[in-house]
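Heads up: the structure comes next, in structure tokens.
What follows draws every value from the coordinates through simple rules; no lab data is involved. It should be emphasised that the depicted structure is a prediction, and the values quoted were computed from it without experimental measurement. Every residue, glycine as well, gets a Cβ built from its backbone with ideal geometry; the counts of neighbours run over all protein chains shown.
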Amino acid sequence: MKKAIFWNENNHKMFQVYDQDTIRRLRTMVELPDRIYSCADLGKEDFSEIELLFSTWGFDVLTTEQLKKFFPALKAVFYGAGATDRFARPLFARGIHVISAWQANAVPVAEYTVSAILLGLKNFYQLVRTGRSREAWPNRPRGCGAYGSTVTLLGSTGAVATRVAEMLRNYHLHVIGIPSPVMERTVSFADAFPVSQVVSNHLPDRDDNVGCINGALLESMPHGGFFLNTGRGRQVNEKEMIEVLKKRPDLTVLLDVQYPEPPDEGSELYTLPNVFMTPHIAGSLGDEVRRMGVFMADELERFLHGEDLRYEVCEKMLLTSQSAHAKNR
């Protein structure tokens, strides 16, 4: 059997992602001790025969030199979490496979997004806020509803946006924004916002996307428009967004991410009545994190049988620059 270890700079998530059922399954395929190792063990433990690493959030970054010296037999890293940009390039330089549970983490984000979109189309957020007494109870609730409305998904053919689009096929909606077989069409930002009852952000976390969702775009949304952000907070010009929301009380935003996160003390995001915030809960949490361990066990089975891997990461998929990577090292 191939030899494997758990590798992480901390262990607070490791055995949540890899629960006992998953560990038992892994041990039918590889030799895997209970202990979690990290760079603190380099030079103290013999890793020369280790072929596989299992990790999650908190992967302890290894340099190319460390990999060459301490892990000469390493063949693959199974990362039970999402983005691998922080640590993957030295692994690629050594020809080591990197497999990520990014698709598993996309599942709860997509579920959160679809739920929020459907509630937004019913004007749920505004109605919950205003219907706090009999006197304030809305006699004629407004909301465009989830039939024939236009929903724009900002982003590339990423895991979350593609899954959201597929799930929305169950509803009579016009979905635009991403080149994909499940999309009807693609448009520019400037064309999408004015015709969309809902805009949902799933842009990749790149420097060239910082502030690209600005006040002019948000102000161009139709009456009762709903903006949802589960991407990254820094992609929204929050200062301009706040000014628009003060002028347009008919608009509603739901921010699962902010910049900074959480917002600074005194930020108007806390007090504006048409702003709703959640503390970055769209991604895997609670028992949902176990799905990522299961995905890695599935990939290990394919890897050992020489089958095509479903969730392998290649260098062109990374978003960070070489200079950012050098800083991380």
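Some notes on this structure:
- Under the criterion of Cα pairs below 8 Å and six or more residues apart, the relative contact order for the stretch 106-277 equals 19 percent.
- Taken over the stretch 64-110, the alpha-carbon convex hull comes to 66 cubic angstrom per residue.
- Under a Gaussian network description of the chain, with springs only between Cα atoms under 10 Å, the residue in Ala159, Ala190, Ala104 that fluctuates furthest is Ala190.
- Residue among His12, His280, His223 with the largest mean-square fluctuation in a Gaussian network model of the chain, springs linking Cα atoms under 10 Å: His12
- Gyration tensor (alpha-carbon) shape descriptor, the stretch 8-68, a/c threshold 1.5: oblate
- GNM result for the chain, Cα springs below 10 Å: residue of Val257, Val187, Val160 fluctuating most strongly: Val187
- For the chain, the Rg and Dmax computed from alpha carbons only, in angstrom: 22.5, 73
- Computed from the C-beta positions of Ser267 and Val128, the FRET efficiency with R₀ = 22 Å rounds to 0.50.
- With eigenvalues of the C-alpha gyration tensor scaled by 5 and rooted, the stretch 186-329, Å: 34, 18, 17
- Using the Cβ-Cβ distance between Ala216 and His280 with R0 = 35 Å, the FRET efficiency computed as 1/(1 + (r/R0)^6) comes to roughly 0.85.
- Spin-label model, Asp46/Lys246: points 7 Å from Cα along the beta carbon direction are separated by 6.8 nm.
- Estimated from helices alone, the mean residue ellipticity of the chain at 222 nm is -8500 deg cm²/dmol (sum of -39500 (n - 2.57) over DSSP H runs with n ≥ 4, per residue).
- Prolate/oblate/rounded call for the stretch 106-277, Cα gyration tensor, a/c under 1.5 rounded: oblate
- Contact order normalised by residue count of the chain, Cα under 8 Å, 6+ apart, percent: 18 percent
- Residue list for the stretch 61-82, given a label point 7 angstrom along the Cα-to-Cβ vector of Glu315 and an amide N cut-off under 15 Å: 64-65
- Leu272, Leu26 arranged by Cβ crowding within 10 Å, fewest neighbours leading: Leu272, Leu26
- Measure of compaction for the stretch 38-141 (Cα Rg per 2.2 N^0.38 Å): 1.86
- Spatially close lysines, pair count over the chain: Cα under 26 Å, gap of eight or more or interchain: 25
- Going from the residue with the fewest nearby Cβ atoms within 10 Å to the one with the most, Thr28, Thr56 rank Thr28, Thr56.
- The residues Thr252, Thr113, when put in order of fewest to most other Cβ atoms within 10 Å, stand as Thr252, Thr113.
- Across the stretch 247-324, Cα pairs under 8 Å and at least six residues apart give a relative contact order of 25 percent.
- Of the DSSP H helices in the chain, those with a Cα length along their own long axis of 27 Å or more and a mean Kyte-Doolittle hydropathy reaching -1.0 comprise 102-121.
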